[in-house]
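Below is one structure, written out as structure tokens, with a few remarks after it.
The values are calculated or read from the model by the stated rules, or taken from the named source; none is laboratory data. Note that this is a predicted model, so its numbers are computed, not measured. Reconstructed Cβ throughout: ideal geometry from the backbone, glycine too, with neighbour counts over all protein chains shown. Areas reflect the complete protein model, heavy atoms only, side chains present, ligands, DNA and RNA absent. Shrake-Rupley method; radii C 1.70, N 1.55, O 1.52, S 1.80 Å.
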Amino acid sequence: MNKKSELEALLFVVGDEGIGLEELGFLLSTKTAAVYDLIQELQKDYQENPMSALNILEVGNHFVLTTKREFAPLLKKYAQSPLSNRLSQAALETLAIIAYKQPITRMEVDEIRGVQSSGSVQKLAARQLIEEKGRVEGPGRAILYGTTAHFMDYFGLKDLTELPDIQSMESELEEELPLDLFFDRYKDELADAQAASAIYREQQEQKNHETTNSNPYAPETAAQGNDKGTTGKSEEDDDEELTGLTSLSGNEEE
């Protein structure tokens, strides 16, 4: 990448507003005299290259990247073509911003939209929907754009006060849209998940209860031990001991 290609990129981006030598010198980190020489070299490249449709036009102290004169009939045909009568979404967004914020510069439009709007501005100007309303007082003297009389006729407006009120449209949108789109969209799924979680907890509690009572004879054994008394002996054991004592007593008497 060299200074000449950087210059070409800047001229393309600034669009029909153009750019001055001082600003170009600052952006390119080059002296204004050297920048002017680069412009002359780039202009010569365009003129000598029959495959290029571009040209550099000096307007006051600004330089604008334009097309060569011989392409004017083609571009006029494009502007009048029925296939290009419909405005694109980008052009409509740009036109709406200019209509409500006029007078406004293209750079300010770019900041609001978040994207470059040079092409849309040029198309709207070619369709005579917007026009230059003046220039900013300051470095660069950027063009201020506003709507035209043709814009009023095109949209059937008597004046700008008939434009739809933005606050009213925002209120209508808030009423139409739910407050929590996420909850309304997934409330059924959330309910199913909560029900499944409750079933899972119930099953876990049941398993824990079954594990605790896994030996069904443990209570009966404990009860039998209590019936035997403190020695843990049954009635049959007592009878056997009594018989043994009687036999022993008889042997001693003999």
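What ranking of 57, 28, 21 comes out by heavy-atom accessible area, probe 1.4 Å, highest first?
From most accessible down to least: 57, 21, 28.
Can you pick out the pairs among 3/133; 68/133; 31/76; 4/133; 44/133; 101/123 whose Cα atoms lie more than 30 Å from each other?
Cα-Cα > 30 Å for 3/133; 31/76; 4/133; 44/133; rest within.
Starting from the alpha-carbon convex hull of region 40-127, give the projected area averaged over all orientations, in nm². Please report the intermediate quantities before stating the final value.
Working: hull surface 29.5 nm².
Mean shadow area of the hull around the Cα atoms is 7.4 nm².
Which of the trypsin sites (Lys or Arg not before Pro) across region 49-151 are loop residues per DSSP, with 10 or fewer other Cβ within 10 Å? Walk me through the numbers before you get to the answer.
On the way: sites: 68, 69, 76, 77, 86, 101, 106, 113, 123, 127, 133, 135, 141; in loops: 68, 86, 127, 141.
Answer by residue number: 86.
In the neighborhood of residue 31, defined by Cβ-to-Cβ distances under 12 Å, what is the net charge if each Lys or Arg adds +1 and each Asp or Glu adds -1?
Details: positive: 3; negative: 22, 37.
Result for the neighbourhood of residue 31: -1.
Could you order 23, 17, 137, 202 so the one with the most accessible surface comes first? Probe is 1.4 Å. All intermediate terms of the calculation are to be shown ahead of the outcome.
Details: 23 90, 17 15, 137 155, 202 125 Å².
So, going from the largest accessible area down, we get 137, 202, 23, 17.
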